[in-house]
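Where a number appears in this text, it was derived from the coordinates with a stated rule and is not lab data. Note that the structure is predicted; figures quoted are calculated from it, not measured. All Cβ positions, glycine included, derive from the backbone under ideal geometry; neighbour counts span all protein chains shown.
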Amino acid sequence: MSELLQFLLSGIAAGGIYALVAVGFVTVYNVLGIINFAQGEFAMLGALVAASLVAHGVPLVAAAPLAILVAAAVGALVERGVLGPAQASSEVVRIIITIGVSISLRGVALTIWSSQSYGLPQFSEGAPLTILGAALALQNFWVLGTAAVIMAALFLLFDRTYFGSALRASVMNRDASRLMGISPARMSLYAYSLSAALGATAGVVIAPISLATYDMGIMLGLKGFVAAVMGGLVSAPGAVAGALLLGVLESFAAGLVSSGYKDAIAFALLLGVLVVRPTGLFSGVAASRQV
Amino acid sequence: MSRGELLGTGLLVLGLAALPALVNPYLVSLMIIVGIHVIVTTGLTLLLGFAGQISLAQAAFYALGAYGSMIGTVHLGLNGWVALVAAAAASALVAWLIGVPTLRLHGHYLALATLGFGIIVYIVLGEETEITGGPTGASGIPRLRLGAWALGADRHYYVFVWLVALMLLLVCRVLVTGSSYGRVLRALQASEVATESVGIDVARYKVQVFVLSAVLASLGGSLYAHYLTVISPSEFGFDVSIEFLVMAVIGGLGSVWGALAGVLAVTLFIEALRTVAPLLAPGVPTSEYEVIAFGGLLVLTLLFFPSGLVGRWAHRPARAGRAGRAAAAR
């Protein structure tokens, strides 16, 4: 019993990480209309920058936000330098550009940090918490707390602020929002930086558990992406639900079936969802990006 | 085919035929791999260029071909050609199963599905040790025999691989330009909506192109396995799919010749990098530069030459041709 609870809890914690990455995917997909294959690399950047800063004596409370800012700045650079200029190109071309960006970022990280793993201390010291016989490292609570706080903040941002309305307006109708004085190009910049920051946050909070390496972004990005597809790719709440479900399923599969096939679970789910319900598991009616 | 294209093809064949006499054994073996990559990339060029769809599983179909040939010849004792055809048929079936549900939808669902499929294949290759040999791979794959002609020596295999590659390129070239089937594909390339509006089942054509691309990849995989005789999962990972994608995009997606140009350009680029990089920064493993250079090359190509190497080159004669004809009419 306690074993099953253990699987459930660590699955939810993993789901929290996937959720942060997945919401980044959804943000870029909604505003730019493309699948951003570089999403995972921002998690890697966040984790590695934070680890380096801490190693150089910067306290964690300063290092974590700094790392997230760095990733957001890199995201802005990528949008301005590469994706913005390619705005007129076809979707296929822009999607492949994000693949190129992801390879380049990974390469740059490899030259700066080499292939070593870097640790980050847990955000709060202490022995793992035991709940009904299931032990959970304290960092997992930081992961879940961060994910919850960010989801709430995003909801407020998108739903209750002028900026959020402008962002949603430019998704619905690019031309009409331009007539209302909203710059779609600027919205695209903000959305891409925001999703880079979200990815970096995921990287920073997971680094104490999984260590930071230059290639950590690949799997993290792919899992976040599976979660986003499970949620229909256009809905942030859907992505969060998809991420939690994915985390739990993976955790049970690894514990009960075989750990070698843990990663395959996510992609088998992806294929299943695409074949059976391509609009996402939680959509009542066919959802599509409203352009 | 235009006169320029015929001339170019003739020169290419002559150059390829003369190559083994001129260069060292390393380059011959490199060119065998290039020939195999051309076969695999041609499928992707057709898929990206004409169906407008991204596949991130080209390496997985390449793996199905290679492992299919390995299992057929080593485990089941089949004839190499029988195994090759069986592997290609299995790849076609798998591609059809993935393509039918995902290509009915608008958008880039094929990219998502193939991403998942590619990674699952890679994981299975590493896990099913009894069948695939696990992470260390499998060995003892026999060389192919063509009647009395054993394709053992590199030079023989080189001739064979390039004959197959050029034949497939020409067949694909004729398919997209010289047939009514090709007219539909080119219409699809110009406008999917317009093609659909004249009553053509767009999804069916996309599925067929995807199946063709998978069969070409599988064929390339079989040839690869029979050449190296040893295969392991790391040669068929996600990054390899990306590599094929880079080759197709850099070559250009408007014409099947793009595959040839792209594979040659990327191979030359990597070889040059391996020679130059150690001189610039001694002690740093070249693979580190390869990663950055690959990504950079991809992004720059798409920004500045979105139609690739062949696109730049092929569009000019076409314009000149029209202008010439207009002048003649006057």
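Would you mind checking region A:79-105 for residues with the amide N under 20 Å from a putative spin-label position 7 Å along Cα→C-beta of A:Asp175?
Within reach of a label on A:Asp175, which here means backbone N under 20 Å from a point 7 Å along Cα→Cβ, region A:79-105 contributes A:87-91.
Which FRET efficiency value, to the nearest 0.05, is calculated for A:Leu129 and A:Leu256 with the Förster distance at 25 angstrom and r the Cβ-Cβ distance?
The computed FRET efficiency comes out at 0.60.
Report the convex hull volume per residue for the protein assembly as shown, counting only C-alpha atoms, in Å³.
Looking at the protein assembly as shown, the number lands at 186 Å³ per residue.
Need one value for A:260-268: mean number of C-beta atoms belonging to other chains within 10 Å of its residues' C-beta atoms.
5
Can you sort A:Ile206, A:Ile35, B:Ile123 so the residue with the fewest Cβ neighbours within 10 Å comes first?
The most exposed by this proxy come first: B:Ile123, A:Ile35, A:Ile206.
Using 7 Å Cα-to-Cβ label points, what is the B:Arg186/B:Ala89 separation (nm, one decimal)?
3.5
Obtain the nm distance between the two label points defined at A:Leu211 and B:Leu14 by a simple spin-label model: each point lies 7 Å from its Cα along the Cα-to-C-beta direction.
5.8
Over region B:3-237, consider all pairs of different Cα atoms and compute the Kirkwood hydrodynamic radius from their mean reciprocal separation; express it in Å, one decimal.
18.7
For B:Val100 and B:Leu170, FRET efficiency with R0 = 35 Å and r from the beta-carbon atoms, rounded to 0.05?
0.75
Once both labels are modelled 7 Å past Cα along the beta-carbon direction, what's the A:His56-B:Thr136 spacing in nm?
Spacing of the two 7 Å Cα→Cβ label points: 4.4 nm.
Return the average number of partner chain Cβ atoms within 10 angstrom of each residue Cβ along peptide A:83-96.
Other-chain Cβ atoms within 10 Å of each residue's Cβ, averaged: 4.
Can you compute the radius of gyration and Dmax for region A:1-160, using only the Cα atoms, both in Å?
Rg and Dmax of region A:1-160, Cα atoms, are 18.1, 57 Å.
Just how large is the dipole of region B:3-237 about the Cα centre, in debye to the nearest 20, putting +1 at every Lys and Arg Cβ and -1 at every Asp and Glu Cβ?
Dipole magnitude for region B:3-237 comes out near 600 debye.
Where a ≥ b ≥ c are the square roots of the eigenvalues of the C-alpha gyration tensor, would you call region B:1-95 rounded, which needs a/c under 1.5, or, failing that, prolate if a/b is larger than b/c, or oblate?
Judged from the Cα gyration tensor, region B:1-95 comes out oblate (a/c at least 1.5, b/c at or above a/b).
With unit charges on the beta carbon (Lys/Arg positive, Asp/Glu negative), name the residue among A:Gly126, A:Tyr190, A:Leu144 whose Cα is farthest towards the positive pole of the charge dipole of region A:23-229.
Among A:Gly126, A:Tyr190, A:Leu144, the one farthest towards the positive end of the dipole of region A:23-229 is A:Tyr190.
What's the ranking of B:73-81, A:213-221, B:111-119, A:194-202 by average number of surrounding C-beta atoms within 10 Å, highest first?
In descending order of packing, they fall as A:194-202, B:111-119, A:213-221, B:73-81.
Among A:Gly107, B:Thr229, B:Ala57, which residue has its Cα furthest toward the positive end of the charge dipole of the protein assembly as shown, with +1 on Lys/Arg Cβ and -1 on Asp/Glu Cβ?
B:Ala57
In degrees from 0 to 90, rounded to the nearest 10, what is the angle of the helix A:184-210 Cα long axis to the longest principal axis of chain A?
Around 10 degrees separate the two axes.
State the extension gain, in nm to one decimal, for the chain segment bounded by B:Arg204 and B:Phe269, taking 0.36 nm per residue of separation less the distance between their alpha-carbons.
19.7 nm
Of A:Gly11, B:Ala88, B:Phe304, whose Cα points farthest to the positive end of the dipole of the protein assembly as shown (charges on the beta-carbon: +1 Lys, Arg; -1 Asp, Glu; origin at the Cα centre)?
My answer, from the dipole projection, is B:Phe304.
Applying 1/(1 + (r/R0)^6) with R0 = 35 Å to the Cβ-Cβ distance of A:Val275 and A:Gln87, what FRET efficiency is obtained, to the nearest 0.05?
Given R0 = 35 Å and the Cβ-Cβ separation, E is 0.60.
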